[in-house]
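The block underneath contains the structure these notes are about, expressed in structure tokens.
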Amino acid sequence: SDGTRPHVVFVPTAGMGHFHPFFRFIAALSTHDAVDISIVTVLPTVSAAEADHLAALFADFPAVRRIDLHLLPIDAAEFPAGADTFLLRWEALRRSAHLLGPLLAAATPRATAVVTDIVLASHVIPIARELRVQCHVLFISCATMLSLCAYFPVYLENFSGDVGDVDIPGVGRVARSSLPQPLLDPEHLFTRQFVANGGEICKADGVVLNTFDALEPDTLAALRNGTLIPNFPPVFAVGPFKSLTTTTTGEKKSPSPPLAWLDEQSPRSVVYVAFGNRTAVTPDQLSEIAAGLESSGCNFLWVLKTTVVDRDDDADPNIVLGEDFLSRVRGRGHVTKGWVEQEEILSHPAVALFISHCGWNSVVEAAERGVPVLAWPRAGDQRLDAMVVERSGLGVWMEKWSWNGEEGLVSGEEIGRKVREVMDDSVVRATAAKVGEEAAKAVAVGGSSYRSMQEFLVKLKA
Ligand code: BUP
């Protein structure tokens with residue numbers, strides 16, 4: 001060590017699924033008063049939720065510095081119509097990444113480490129190297145997805161023809177149908193980014209993950225012992241990240257309507273249904289979900305989402321689901337839209353089951369609390385996350401349930417039956433509770449995640 005105090009510059013990208021782990025890790029790191037922290041803030045932000053959360057973070061952690069990066073415009077005409085908003089944002093960021101060099105070089109105090117989102121890894125790692133600054137990747141998904149990301153370039157090199165099932169050494173087989181589907185097309189923008197980042201991640205100084213050893217034991221072992229890629233960088237599994245609501249200093253708000261409603265329900269009686277930030281559900285599938293929740297006979301709290309970007313969401317549940325449905329389930333079903341405090345919901349004693357799209361943050365939030373998950377993944381890394389749900393005993397993965405109209409809707413009857421079955425399954429309840437206990441052990445003093453965090457801090461000072 002040259003004796004300087006580490007100054008860590010974080011480079012998050014876009015999407016709440018990316019922001020959340022960054023903010024939580026930043027909050028955790030900022031409790032160590034021997035570290036200076038800056039955040040590269042990309043302007044303009046994509047969603048209202050992102051803008052709000054950024055503002056709250058800077059308000060809650062006044063010592064955290066802000067480094068603004070103004071995104072260069074990209075020409076939308078260059079991309080297929082209807083391309084994913086977030087994917088385009090990542091591409092725009094990648095094309096503006098060279099602006100980071102001068103920003104990092106000018107940082108005061110001198111930057112000693114960068115922690116980048118995986119989406120920018122192939123650009124940021126070389127920049128950091130040139131500036132002789134450590135570069136770590138905060139990988140926002142599970143270790144299983146990290147193993148795919150690191151291995152996929154190797155897989156492609158040794159393979160010609162169509163992408164098939166991928167056998168990841170030490171991890172296991174990922175079925176073709178479980179891969180992020182753009183990977184089936186080598187020319188897809190997502191694939192090009194994924195392969196570039198996966199190839200470069202091996203040159204990072206470390207990879208930080210919001211997972212814990214007991215949740216993905218085999219995969220973490222394969223990453224760490226060289227089975228997967230020889231000389232892979234150190235992997236710091238430091239999760240579950242602590243929720244921000246427990247570290248912020250803001251005054252206590254009165255409970256939001258969903259929480260107030262949960263307060264009225266009996267313990268372990270409610271199915272919480274939420275498909276994350278980016279999963280808009282088609283009207284037909286919405287009706288089947290409604291029918292399923294109704295026929296399950298269970299209480300439910302359902303976060304309705306009909307658009308991809310929150311600013312566009314002005315749907316009225318009365319119109320979307322029909323007043324008849326809402327009056328039939330009045331009392332036992334609560335339908336809400338917009339942002340909910342998911343972690344507080346998952347912590348509520350009334351919640352017994354989480355029907356989830358399996359965004360990784362959601363999975364870890366459920367794991368931490370031992371809440372069983374009925375996994376209904378859709379896109380991206382979500383099927384790999386669902387594999388973790390199933391392997392770890394956190395819940396049940398409905399592998400046949402797709403979101404893809406071509407493969408047909410999942411019927412209300414089937415949804416209702418499955419919900420009832422999992423709600424009554426005492427084995428799932430017990431194994432999920434065990435995962436929750438392991439999560440608590442991991443972050444307690446001396447636990448695996450606690451020790452990984454210590455190792456990361458030592459590395460920052462090296
Ligand atoms: Br929506 C919503 N409240 O209303 P994931 C999300 N969240 O607290 P993503 C809320 O956002 P992808 C809401 O607790 C989690 O921390 C939730 O991240 C929180 O999925 C985060 O679960 C959502 O990783 O999709 O971002 O929706 O899988 O595409 O990253």
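Go through the residues of the stretch 419-434 one by one and say whether even a single one is closer than 30 Å to GLY333 by Cβ, assigned to a loop (DSSP other than H, G, I, E, B) and without any contact (Cβ under 8 Å) to a residue 60 or more places away in the chain.
Scanning the stretch 419-434 turns up at least one residue that is closer than 30 Å to GLY333 by Cβ, assigned to a loop (DSSP other than H, G, I, E, B) and without any contact (Cβ under 8 Å) to a residue 60 or more places away in the chain.
Within the stretch 196-215, can one find any residue that is of a type in the set (S, T, N, Q) and under 23 Å from ARG451 (Cα atoms)?
Yes, the stretch 196-215 has at least one match.
Quick test for you: out of THR45, THR4, THR85, pick the one residue that is under 18 Å from LEU103 (Cβ atoms), in contact (Cβ under 8 Å) with a residue 12 or more places away in the chain, among the hydroxyl-bearing types (Ser, Thr, Tyr) and surrounded by fewer than 19 Cβ atoms within 10 Å (Cβ to Cβ).
Sole residue among the options that is under 18 Å from LEU103 (Cβ atoms), in contact (Cβ under 8 Å) with a residue 12 or more places away in the chain, among the hydroxyl-bearing types (Ser, Thr, Tyr) and surrounded by fewer than 19 Cβ atoms within 10 Å (Cβ to Cβ): THR45.
Just a yes or no: is a residue in the stretch 439-449 within 16 Å of the ligand (Cβ to nearest atom) and at pLDDT 95 or above?
The answer is yes, given that some residue of the stretch 439-449 is within 16 Å of the ligand (Cβ to nearest atom) and at pLDDT 95 or above.
Starting from the stretch 344-362, take each residue that is without any contact (Cβ under 8 Å) to a residue 40 or more places away in the chain and list its partners that are of a type outside the set (Phe, Trp, Tyr) and near the ligand (Cβ under 8 Å from one of its atoms), counting only C-beta distances under 6 angstrom and pairs at least six apart or across chains.
Sorted first by the residue in the stretch 344-362, then by its partner, the pairs are CYS358/GLN382; CYS358/ASP385.
Give the residues of the stretch 253-280 that are aliphatic (A, V, I, L, M), surrounded by fewer than 19 Cβ atoms within 10 Å (Cβ to Cβ) and either farther than 23 Å from ARG332 by Cβ or in contact (Cβ under 8 Å) with a residue 12 or more places away in the chain (or both), sorted by residue number.
LEU259, ALA280
Of the numbered conditions (1) out of contact with any Ser or Thr (no Cβ under 8 Å at 6 or more places or on another chain); (2) at pLDDT 90 or above; (3) surrounded by 13 or more Cβ atoms within 10 Å (Cβ to Cβ), TRP339 fails exactly one; give the number of that condition.
The number of the failed condition is (2).
Quick check on the stretch 29-41. Is at least one of its residues under 22 Å from ALA444 (Cβ atoms), away from the ligand (no atom under 12 Å from the Cβ), out of contact with any Gly (no Cβ under 8 Å at 6 or more places or on another chain) and assigned to a helix (DSSP H, G or I)?
Scanning the stretch 29-41, I find at least one residue that is under 22 Å from ALA444 (Cβ atoms), away from the ligand (no atom under 12 Å from the Cβ), out of contact with any Gly (no Cβ under 8 Å at 6 or more places or on another chain) and assigned to a helix (DSSP H, G or I), so the answer is yes.
Cβ contacts < 7 Å: first residue under 18 Å from GLN342 (Cα atoms), restricted to the stretch 14-31; second residue polar (S, T, N, Q) and within 8 Å of the ligand (Cβ to nearest atom), any location; separation 6+ or different chain. Result?
Going by the 7 Å Cβ cut-off, the qualifying pairs are GLY15/ASN277; MET16/ASN277; GLY17/ASN277; GLY17/ASN361; HIS20/ASN361; PRO21/ASN361.
Do we have ILE74 as away from the ligand (no atom under 16 Å from the Cβ) and either on the phi > 0 side of the Ramachandran plot or surrounded by 14 or more Cβ atoms within 10 Å (Cβ to Cβ) (or both) here?
yes
Can you tell me which condition ILE127 does not meet? The list is (1) in contact (Cβ under 8 Å) with a residue 40 or more places away in the chain; (2) surrounded by 15 or more Cβ atoms within 10 Å (Cβ to Cβ); (3) of a type in the set (A, V, I, L, M, F, W, C), and all the others hold.
(1)
Just for the stretch 365-375: of the residues that are in a helix (DSSP H, G or I) and among the aliphatic types (A, V, I, L, M), which one is farthest from the ligand (Cβ to nearest atom)?
ALA367
Residues in the stretch 178-206 that are in contact with a Lys or Arg (Cβ under 9 Å, 6 or more places away or on another chain), more than 27 Å from ARG391 (Cα to Cα) and in a helix (DSSP H, G or I): how many?
Residues that pass the stated criteria total 2.
Residues of the stretch 326-364 being outside any loop (DSSP other than H, G, I, E, B), more than 11 Å from the ligand (Cβ to nearest atom) and hydrophobic (A, V, I, L, M, F, W, C), which ones?
Matches in the stretch 326-364: LEU326, VAL335, VAL351, ALA352, LEU353, ILE355.
Does the stretch 75-86 contain any residue that is modelled with pLDDT under 95 and under 19 Å from VAL137 (Cβ atoms)?
Yes.
Considering only the stretch 404-417, I want to know if a residue exists there that is of a type in the set (D, E, K, R) and either assigned to a strand (DSSP E or B) or under 15 Å from PHE275 (Cβ atoms) (or both).
No, every residue in the stretch 404-417 fails to be of a type in the set (D, E, K, R) and either assigned to a strand (DSSP E or B) or under 15 Å from PHE275 (Cβ atoms) (or both).
Please determine, by comparing only the residues of the stretch 301-325 that are surrounded by 15 or more Cβ atoms within 10 Å (Cβ to Cβ) and either more than 16 Å from the ligand (Cβ to nearest atom) or among the hydroxyl-bearing types (Ser, Thr, Tyr) (or both), which one is modelled with the highest pLDDT.
Of everything passing the filter in the stretch 301-325, PHE325 is modelled with the highest pLDDT.
Run GLU294 past the list (1) assigned to a helix (DSSP H, G or I); (2) crowded, with 21+ Cβ neighbours inside 10 Å and report the number of the one that doesn't hold.
(2)
Among strands (runs of 3 or more DSSP E) lying entirely in the stretch 82-177, which contain 1 or more residues that are over 25 Å from SER362 (Cβ atoms)?
113-117, 134-139, 166-168
For the list (1) farther than 17 Å from PRO126 by Cβ; (2) modelled with pLDDT of 95 or more, I need the number of the one condition that ASN197 fails.
Condition (1) is where ASN197 drops out.
Being assigned to a helix (DSSP H, G or I) and more than 9 Å from the ligand (Cβ to nearest atom) is the filter here, so list the residues in the stretch 376-395 that pass it.
Once the filter is applied, which keeps residues that are assigned to a helix (DSSP H, G or I) and more than 9 Å from the ligand (Cβ to nearest atom), the stretch 376-395 yields ARG383, LEU384, ALA386, MET387, VAL388, VAL389, GLU390, ARG391, SER392.
Conditions tested, residue by residue: (1) in contact (Cβ under 8 Å) with a residue 24 or more places away in the chain; (2) in contact with a Gly (Cβ under 7 Å, 6 or more places away or on another chain).
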| position | (1), (2) |
| --- | --- |
| MET145 | yes, no |
| LEU156 | yes, no |
| ASP167 | no, no |
| ALA175 | no, no |
| PRO180 | yes, yes |
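The values are calculated or read from the model by the stated rules, or taken from the named source; none is laboratory data. Please read all numbers here as calculations on a predicted model, not as lab measurements. In this analysis, Cβ positions are derived from the backbone assuming ideal geometry, glycine residues included, and neighbour counts consider all displayed protein chains.
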